[in-house]
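Undergrad: Before we start, here is the structure in question, set down as structure tokens.
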Number of protein chains: 2
Amino acid sequence: MDPDAVAKAFVEHYYSTFDANRPNLGNLYQENSMLTFEGQKIQGSANIVSKLTSLPFQQCQHSIATVDCQPSGPAGGMLVFVSGNLQLAGEQHALKFSQMFHLIPTAQGSFYVLNDIFRLNYA
Amino acid sequence: MDPDAVAKAFVEHYYSTFDANRPNLGNLYQENSMLTFEGQKIQGSANIVSKLTSLPFQQCQHSIATVDCQPSGPAGGMLVFVSGNLQLAGEQHALKFSQMFHLIPTAQGSFYVLNDIFRLNYA
């Protein structure tokens, strides 16, 4: 399994879910998952979904510029670092963002998000 | 030990060393350390220092905009996510960058960098 291919597939799945059906992102997090969103710390799948679905915009479209990945240690985890643009409905200019995910293997052969840190890159 | 304070102290130490004496950054990496620099993958302290000291600029000054941190799992590791500006000598405009570090505790009670991913955020 090529880690770069796994990372790319995860990123495409994550942002297409975000843009189409944000509540479904809950499946990617667990109770020990952490999100730091623009400096605000949130823990647990339900709280994370509650945060992501209450952001002050409805329609949005992520486009990905770069995806980098590295193994996070001997336990099979993977660090994924993303940069891209976030276009909000009705806004003229896209927002630049950077985001990192720490993916942990599950017993079912998939991954969940243990760590998620998101920042807008203000110009 | 407050993780946010540790992260902030690490970040200040890292970039002040980068700006003043890049070869000394080698002390922060080990043989299994990984750097992905603008998509280029490099492994091991000596190779990482070789990359960082051969970047096509001599004098530079990092300024930090945000530092976020989260524990990376039960083993005491820490994820540190940084955004900031990089001013190169002789250039009018600073470059925006994002960088993440995965810090692993050492037997000596300190941390080393296992994972390092750096990206410029082009405007």
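The values are calculated or read from the model by the stated rules, or taken from the named source; none is laboratory data. None of these values were measured; they are calculated from a predicted model. Positions of Cβ are generated from backbone atoms using ideal geometry, with glycine treated the same way; all protein chains shown enter the neighbour counts. The accessibility values were calculated without ligands, DNA or RNA, using every heavy atom of the protein model including side chains. Shrake-Rupley method; radii C 1.70, N 1.55, O 1.52, S 1.80 Å.
Undergrad: So which residues in region A:1-15 are surrounded by fewer than 18 Cβ atoms within 10 Å (Cβ to Cβ) and in contact (Cβ under 8 Å) with a residue 40 or more places away in the chain, if there are any at all?
TA: Residues of region A:1-15 surrounded by fewer than 18 Cβ atoms within 10 Å (Cβ to Cβ): A:1-6, A:8-9, A:12-13.
Matches in region A:1-15: A:Pro3, A:Asp4, A:Val6, A:Lys8, A:Glu12.
Undergrad: Any residue in region A:50-70 that's in contact (Cβ under 8 Å) with a residue 12 or more places away in the chain: show its pairings with residues that are aromatic (Phe, Trp, Tyr) at Cβ separation under 7 Å, as long as the two are six or more apart or on different chains.
TA: Close Cβ pairs satisfying both conditions: A:Lys51/A:Phe37; A:His62/A:Tyr15; A:His62/A:Phe18; A:Ile64/A:Tyr15; A:Asp68/A:Phe81.
Undergrad: Next question, about the same structure. Taking the criterion of being at negative phi, hydrophobic (A, V, I, L, M, F, W, C) and more than 13 Å from the chain's Cα centre (by Cα), would at least one residue in region B:109-118 satisfy it?
TA: As a first pass, look at region B:109-118 and keep what is at negative phi: B:110-118.
Now drop any that are not hydrophobic (A, V, I, L, M, F, W, C), which leaves B:111, B:113-114, B:117-118.
Among the residues that remain, those that are also more than 13 Å from the chain's Cα centre (by Cα) are: none.
Among the residues of region B:109-118, not one is at negative phi, hydrophobic (A, V, I, L, M, F, W, C) and more than 13 Å from the chain's Cα centre (by Cα), which makes the answer no.
Undergrad: Has region A:28-37 got any residue that is in contact with a strand residue (DSSP E or B) (Cβ under 9 Å, 6 or more places away or on another chain), farther than 30 Å from B:Lys41 by Cα and of a type in the set (Ser, Thr, Tyr)?
TA: No, that holds for no residue.
Undergrad: Follow-up question, since we're still on this one. What number of residues within region A:17-47 satisfy the criterion of being touching a residue at least 24 places away in the same chain (Cβ under 8 Å), part of a helix (DSSP H, G or I) and either open to solvent by 50 Å² or more (accessible area, probe 1.4 Å) or not charged (D, E, K, R) (or both)?
TA: Number of matching residues: 4.
Undergrad: Here's a check for you: in region A:98-123, which residue that is of a type outside the set (S, T, N, Q), closer than 22 Å to B:Met78 by Cβ and free of Cβ contacts under 8 Å to residues at least 60 places away in the same chain is farthest from the other protein chains (Cβ to nearest Cβ)?
TA: The initial filter retains those residues of region A:98-123 that are of a type outside the set (S, T, N, Q), namely A:100-105, A:107, A:109, A:111-114, A:116-120, A:122-123.
Within this subset, residues satisfying the condition of being closer than 22 Å to B:Met78 by Cβ are A:100-105, A:111-114, A:116-119.
Subsequent filtering for residues that are free of Cβ contacts under 8 Å to residues at least 60 places away in the same chain retains A:100, A:102, A:104-105.
On the way: A:Met100: 5, A:His102: 6, A:Ile104: 8, A:Pro105: 12 Å.
Per the criteria, the residue is A:Pro105.
Undergrad: Taking the conditions exactly as written (without any contact (Cβ under 8 Å) to a residue 12 or more places away in the chain and more than 13 Å from chain B (Cβ to nearest Cβ)), does A:Glu91 satisfy them or not?
TA: On the way: without any contact (Cβ under 8 Å) to a residue 12 or more places away in the chain: yes; more than 13 Å from chain B (Cβ to nearest Cβ): yes.
Yes, satisfied.
Undergrad: When you look at A:Ser50, is it open to solvent by 70 Å² or more (accessible area, probe 1.4 Å), of a type outside the set (Phe, Trp, Tyr) and away from chain B (no Cβ under 13 Å), yes or no?
TA: no
Undergrad: Anything in region A:57-101 that is outside any strand (DSSP E or B), over 21 Å from A:Asp19 (Cα atoms) and open to solvent by less than 60 Å² (accessible area, probe 1.4 Å)? List them, or say none. Reasoning before the result, please.
TA: Here is the first cut: in region A:57-101, the residues outside any strand (DSSP E or B) are A:57-59, A:72-77, A:89-94.
From the residues that got through so far, the ones that are over 21 Å from A:Asp19 (Cα atoms) too are A:72-77.
Within region A:57-101, A:Ser72, A:Gly73, A:Gly76, A:Gly77 meet the criteria.
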